[in-house]
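Let me begin by presenting the structure, written as structure tokens, before commenting on it.
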Amino acid sequence: MKRNVFDILEERGFVKQTVYKDDLYKMLGSKSVTFYCGFDPTADSLHIGHVIPLMAAAHLQRAGHKPILLVGGGTAMVGDPSNRNDMRQMMTKETIAGNVEKIKPQLARFVSFEGENAARIVNNADWLTKLNYIDFLRDYGAYLSVNKMLTAECFKTRLEKGLSFLEFNYMPMQAYDFLRLFSDYGCELEIGGNDQWSNILAGADFIRRVERKDAYALTCSLLETKDGKKMGKTQKGALWLDANKATPYEMYQYFRNVDDEEVENCLKLLTFMELSEIKELCAHRDERMNNAKKRLAYEVVKLIHGEAEAEKAQSQALAAFEGASSEMPTAEISATPDTTVVDIMVATKVCASKSEARRLIEGGGVRIDDKKVDNVAAKLLDFTGAREFVLGKGKKTKLKVKY
């Protein structure tokens, strides 16, 4: 007997909040359900946090349900105020359109666009930019409760600082997205990250009020540490899916070095490995956990960048930390023996600034060919005369440098 995908999502830790759970469970077990998940193009790449709802979408599709991936070319023109201390910077229409085109191929890595339940990508700019404001107010304004909207969790932070009318319109716009997808494609379920709960719930409620038909909301757990901090933050910022913003090796190293207590959860959320295999890999909280971390890192890079890049990143990591340097990541820079180590760290992009490089040196976290750098004014010639050397930053980063 085919399992209900809701059980699979719960067992793997995806389900955070939902409404009318029993009805949703029954629906997912009895027919093919069209569902959607939205992504605002606020940058030219998605990041690792976006992978959680995308993986949920992939599990739903594998169970026979139909995904719609919505890129918010229209909603991005307003900006989501959820959990923000300040208003988002306005982007030009050209920037938003460019971001949309760069994000689309990233979405396509997680779902299939072939078969009976093929996924589709839509852009809400196609209908939001054509909305007549007066018509919208007359047709739908009575179904939107201002009192209810002001109590929404997503507005709380902004209300303390001052919520603009621009931002206030974001929730009705997202609710209208759900209504349009319900009308045009028979979409009955919206999924997304738990930080979108208020917006997603508003959409399901909007359909129930306007159409007097059932619609459902489900949010996924965020990628967080045990103490509630968001995972996926690096010294460069977010862990991007674009290989030009975060290399496959950087992604591999990030997950190779997550805390032991995070490994099992990451394997459940970010891979398609069987739960029995995950449980076996994570059974021992000792040095054997390193095998689970290596598998996690490999599987995440494989999922996002493909098997070849995963193999390459794995080989580079093995070379850097367990063997010879032939496969180690390499950087070629313009330098001389008189170049300071600080300048080398910036040139290789190991550090974003000279001040960061100095702090690392002062903290004892920098090595040249395994020799500790203990002077911020140190030059390359103080450690080696070779045209090729290994630059080490902390315990996690090793880079072969040529000049």
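Considering only the stretch 181-196, state which residues are under 24 Å from Glu211 (Cβ atoms) and surrounded by fewer than 19 Cβ atoms within 10 Å (Cβ to Cβ). Spell out the reasoning first.
First, pick out the residues of the stretch 181-196 that are under 24 Å from Glu211 (Cβ atoms): 181-192, 196.
Within the stretch 181-196, Ser183, Asp184, Tyr185, Gly186 qualify.
Arg212: within 30 Å of Leu107 (Cβ to Cβ) and free of Cβ contacts under 8 Å to residues at least 40 places away in the same chain, yes or no? Outline the logic, then answer.
Numbers: within 30 Å of Leu107 (Cβ to Cβ): no; free of Cβ contacts under 8 Å to residues at least 40 places away in the same chain: yes.
So Arg212 fails the test.
Do we find that Ser183 is part of a helix (DSSP H, G or I), at pLDDT 95 or above and among the hydroxyl-bearing types (Ser, Thr, Tyr) in this structure?
Against the criterion (part of a helix (DSSP H, G or I), at pLDDT 95 or above and among the hydroxyl-bearing types (Ser, Thr, Tyr)), Ser183 qualifies.
Kindly check whether there is at least one residue in the stretch 127-140 that is assigned to a loop (DSSP other than H, G, I, E, B) and among the hydrophobic types (A, V, I, L, M, F, W, C).
Yes, because at least one residue in the stretch 127-140 is assigned to a loop (DSSP other than H, G, I, E, B) and among the hydrophobic types (A, V, I, L, M, F, W, C).
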* Please work out if Glu299 is touching a helix residue (DSSP H, G or I) at 6+ places or on another chain (Cβ under 8 Å), without any contact (Cβ under 8 Å) to a residue 60 or more places away in the chain and crowded, with 19+ Cβ neighbours inside 10 Å. => no
### Task
Tell me, please, whether a residue that is surrounded by 15 or more Cβ atoms within 10 Å (Cβ to Cβ) and outside any loop (DSSP other than H, G, I, E, B) can be found in the stretch 79-88.
no
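A quick yes/no check of all residues on (1) surrounded by fewer than 15 Cβ atoms within 10 Å (Cβ to Cβ); (2) in contact (Cβ under 8 Å) with a residue 24 or more places away in the chain:
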site: Phe6; (1), (2): no, no
site: Glu11; (1), (2): yes, yes
site: Lys21; (1), (2): yes, no
site: Gly29; (1), (2): no, yes
site: Ala43; (1), (2): no, yes
site: Gly49; (1), (2): no, yes
site: Leu60; (1), (2): no, yes
site: Leu69; (1), (2): no, yes
When Ala324 is run through (1) crowded, with 19+ Cβ neighbours inside 10 Å; (2) modelled with pLDDT under 95, the failure sits at (1)
Checked the stretch 132-167 for anything aliphatic (A, V, I, L, M) and surrounded by 12 or more Cβ atoms within 10 Å (Cβ to Cβ); matches are Leu137, Leu144, Met149, Leu150, Ala152, Leu159, Leu163, Leu166
For the stretch 281-310 the number of residues that are within 21 Å of Phe321 (Cα to Cα) and either of a type in the set (A, V, I, L, M, F, W, C) or not assigned by TED's automatic domain parsing to the domain that holds Asn265 (or both) is 8
Among Arg88, Arg109, the single one that is modelled with pLDDT of 90 or more, among the charged types (D, E, K, R) and farther than 21 Å from Cys187 by Cα is Arg109
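Over 23 Å from the mean Cα position of the chain (by Cα) and either of a type in the set (Ser, Thr, Tyr) or over 23 Å from Ala56 (Cα atoms) (or both): does that describe Tyr140?
Numbers: over 23 Å from the mean Cα position of the chain (by Cα): yes; either of a type in the set (Ser, Thr, Tyr) or over 23 Å from Ala56 (Cα atoms) (or both): yes.
Spelling it out, Tyr140 is indeed over 23 Å from the mean Cα position of the chain (by Cα) and either of a type in the set (Ser, Thr, Tyr) or over 23 Å from Ala56 (Cα atoms) (or both).
Output yes when any residue across the stretch 193-203 is more than 18 Å from Ala43 (Cβ to Cβ) and of a type in the set (Phe, Trp, Tyr), and no when none is.
If we filter the stretch 193-203 for residues that are more than 18 Å from Ala43 (Cβ to Cβ), which is where we start, we get 194, 197-203.
Checking which are of a type in the set (Phe, Trp, Tyr) leaves us with 197.
Checked the stretch 193-203: at least one residue is more than 18 Å from Ala43 (Cβ to Cβ) and of a type in the set (Phe, Trp, Tyr).
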Over the stretch 249-295, the set of residues under 26 Å from Gly394 (Cβ atoms) and polar (S, T, N, Q) is Gln253, Asn257, Asn265, Asn290, Asn291
In the stretch 219-248, anything within 21 Å of Lys398 (Cβ to Cβ) and either at pLDDT below 90 or among the aliphatic types (A, V, I, L, M) (or both) is listed as Thr234, Gln235, Lys236, Leu239, Ala243, Ala246
Among the residues of the stretch 376-403, the number that are loosely packed, with under 13 Cβ neighbours inside 10 Å and not hydrophobic (A, V, I, L, M, F, W, C) is 4
Turns out the strands (runs of 3 or more DSSP E) fully within the stretch 303-403 with at least 1 residues that are more than 35 Å from the chain's Cα centre (by Cα) are 388-393
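Given the criterion over 18 Å from Glu250 (Cα atoms) and at pLDDT below 90, identify the matching residue among Asp338, Asp370. Can you show your working first?
Working: Asp338 fails: at pLDDT below 90.
Going through Asp338, Asp370 in turn, the sole match is Asp370.
Yes or no, residue by residue, for (1) in contact (Cβ under 8 Å) with a residue 24 or more places away in the chain; (2) over 14 Å from the mean Cα position of the chain (by Cα):
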site	(1), (2)
Leu239	yes, no
Glu250	no, yes
Asp259	yes, yes
Leu269	yes, no
Those residues of the stretch 15-63 that are of a type outside the set (D, E, K, R) and closer than 19 Å to Gln174 by Cβ come to a total of 20
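Output yes when any residue across the stretch 197-204 is assigned to a loop (DSSP other than H, G, I, E, B), crowded, with 19+ Cβ neighbours inside 10 Å, in the same structural domain as Val33 (by TED's automatic domain parsing) and at pLDDT 95 or above, and no when none is. I'd like the intermediate steps shown before the answer.
Step one: list which residues in the stretch 197-204 are assigned to a loop (DSSP other than H, G, I, E, B), which gives none.
Looking for residues that are assigned to a loop (DSSP other than H, G, I, E, B), crowded, with 19+ Cβ neighbours inside 10 Å, in the same structural domain as Val33 (by TED's automatic domain parsing) and at pLDDT 95 or above, one finds none in the stretch 197-204, hence no.
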Kindly indicate whether any position in the stretch 34-41 is more than 30 Å from Pro248 (Cβ to Cβ) and under 18 Å from the mean Cα position of the chain (by Cα). no
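The values are calculated or read from the model by the stated rules, or taken from the named source; none is laboratory data. In this text the structure is predicted, and so the values were computed from the model without any measurement. Note that we place each Cβ from the backbone using ideal geometry, even for glycine, and neighbour counts take in every protein chain shown.
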